[in-house]
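Remarks on the structure that follows.
The values are calculated or read from the model by the stated rules, or taken from the named source; none is laboratory data. On a predicted model such as this, the values are computed, not experimentally measured, just so you know. Positions of Cβ are backbone-derived with ideal geometry, glycine not excepted, and every protein chain shown enters the neighbour counts. Areas reflect the complete protein model, heavy atoms only, side chains present, ligands, DNA and RNA absent. Shrake-Rupley method; radii C 1.70, N 1.55, O 1.52, S 1.80 Å.
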Amino acid sequence: MGIQMKGRSLLTLLDLNVKEIRFLLDEAKDFKQNRQNFIQSQPLKGKTLGMIFQKRSTRTRVSTETAMAELGGHALFLGKDDIQLGVNESLSDTAIVLGRMVSAVLARVYAHDTVESLAKHANVPVINALSDQFHPLQGLADILTIEEHLGSLKDVKIAWVGDGNNVCHTLMIASIKMGMQMDIATPIDYKPEKSIIDYCKSNASFPDQIVVTHDPIAAVENAKVVVTDTFISMGQEAETKMKLKKFEGFQVNEELIDRAAKDYIFMHCLPRHKEEVTDDVMYGSHSVVFDEAENRLHTVAAVLNNLI
Ligand code: CP
Ligand code: NVA
């Protein structure tokens, strides 16, 4: 049986099994190496993608629009000031109308139940382009980047230092599915959600596959991958002062990263700020942040090609 994902939504990496993730990663590598073949064969000719963005975006928007164009399809950017949604029309009506016109919908939203509701009403595949709970497109690009730089996902220890929210949740699920170990260090009030920790604990394939701590040094000890994310997620701007105080001691700097494995890589989904990582780490020889950003294109191309 081949891998069949056409017509399905991608709201979280929980929607994909291991074989499907593997297939998407392999196709992303193929797109990266043989991009001209995809551009010539135009597999998404005649397809359209409605892209709802309730928040800003550089990587997600540009990678998706580029991939749609290269695969022969068309993307419509629907920013928060461009459509009736949120001002003049309900989410369910918007979803039904879009679903009658476009081949698929991609949405960057605040609450995760917004993408769930879109998927329920749209009758076409819905792709989560970041919600408060998950960022599956980022997760796929991150796994691809780890595999490219470390050769394999086997015996990889990831250290997450920062906020236990959307990107962290996604990497936790990726770790469980792909057999990586992940130690997560967050300030006390910013642990990953209990439901995600519970999922990880009950699906772990070895003891301590996922460890949640408040000690960045313990998390980074011997890690091959050190990852952080912005401390102030989009929509949390009013909490900046309070959050920066709570995240003191969680900056990835030379002293902390000295604890990592000798051949570690540093990752960050971007955009980046100095409070979470110093320039020497961000632009140092172990940093793969721009490969990670580029991989957003190759992975989303695989997702669009298989779901639409
Ligand atoms: N990493 C990421 O999703 O970046 P953008 O907010 O620029 O899309
Ligand atoms: N946690 C960040 C990720 C940005 C790509 C946010 O939600 O803003």
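Taking the protein heavy atoms of the chain in the context of the full set of protein chains, the accessible area attributed to carbon and sulfur is 50 percent at 1.4 Å.
Decide, for segment 170-308, between rounded, prolate and oblate: order the square roots of the alpha carbon gyration tensor eigenvalues as a ≥ b ≥ c, take rounded if a/c falls under 1.5, and otherwise choose prolate if a/b is larger than b/c, else oblate. Rounded. Taking each residue as 0.36 nm, the span from SER202 to ASN222 lengthens on full extension beyond its C-alpha to C-alpha distance by 4.7 nm. Rounded to the nearest 10 degrees, the angle from helix 166-178 to the longest Cα principal axis of the chain is 90 degrees.
For segment 108-116, 3J(HN,Hα) computed residue by residue from phi via the Karplus equation (6.51, -1.76, 1.60; θ = phi - 60°) reads 9, 9, 7, 6, 4, 5, 5, 5, 5 Hz, glycine and proline entered as x.
Near HIS74, the amide H atoms lying under 5 Å from its own belong to LYS47, THR48, LEU49; only residues 5 or more places off or on other chains count, and H is placed 1.01 Å from N.
Between helix 18-33 and the chain there is an angle of about 80 degrees, using the helix long axis and the longest principal axis of the Cα atoms.
Once the chain from ARG56 to ASN253 is taken as fully extended at 0.36 nm per residue, the excess over their C-alpha distance is 68.2 nm.
Give me the accessible area per residue for the chain, probe 1.4 Å, as a whole number in Å².
Solvent-accessible surface per residue comes out at 44 Å².
Normalised by the number of residues in the chain, the average gap of Cα pairs under 8 Å and 6 or more apart makes the relative contact order 21 percent. Phi angles across segment 118-133 convert, under the Karplus curve 6.51 cos²θ - 1.76 cosθ + 1.60 with θ = phi - 60°, into 3J(HN,Hα) values of 4, 5, 5, 9, 7, 6, 9, x, 10, 10, 6, 9, 2, 10, 4, 9 Hz, Gly and Pro given as x.
Using only alpha carbon pairs under 8 Å that are at least six residues apart, calculate the relative contact order of segment 74-231 and give it in whole percent.
19 percent
Under a 5 Å amide H cut-off, with hydrogens placed 1.01 Å from N, MET182 pairs with ILE158, ILE210, VAL211 among residues at least 5 apart or on other chains.
Between ARG35 and VAL211, the C-beta separation translates, for a Förster distance of 45 Å, into a calculated FRET efficiency of about 0.70.
Modelled spin labels at ILE3 and HIS273, positioned 7 Å past Cα toward Cβ, are 3.6 nm from each other. Under 5 Å between amide hydrogens, built in the peptide plane, is the criterion, and for GLY79 it picks out PHE53 among residues at least 5 positions away or on other chains. Seen against the Cα atoms of the chain and their longest principal axis, helix 136-150 is set at about 50 degrees.
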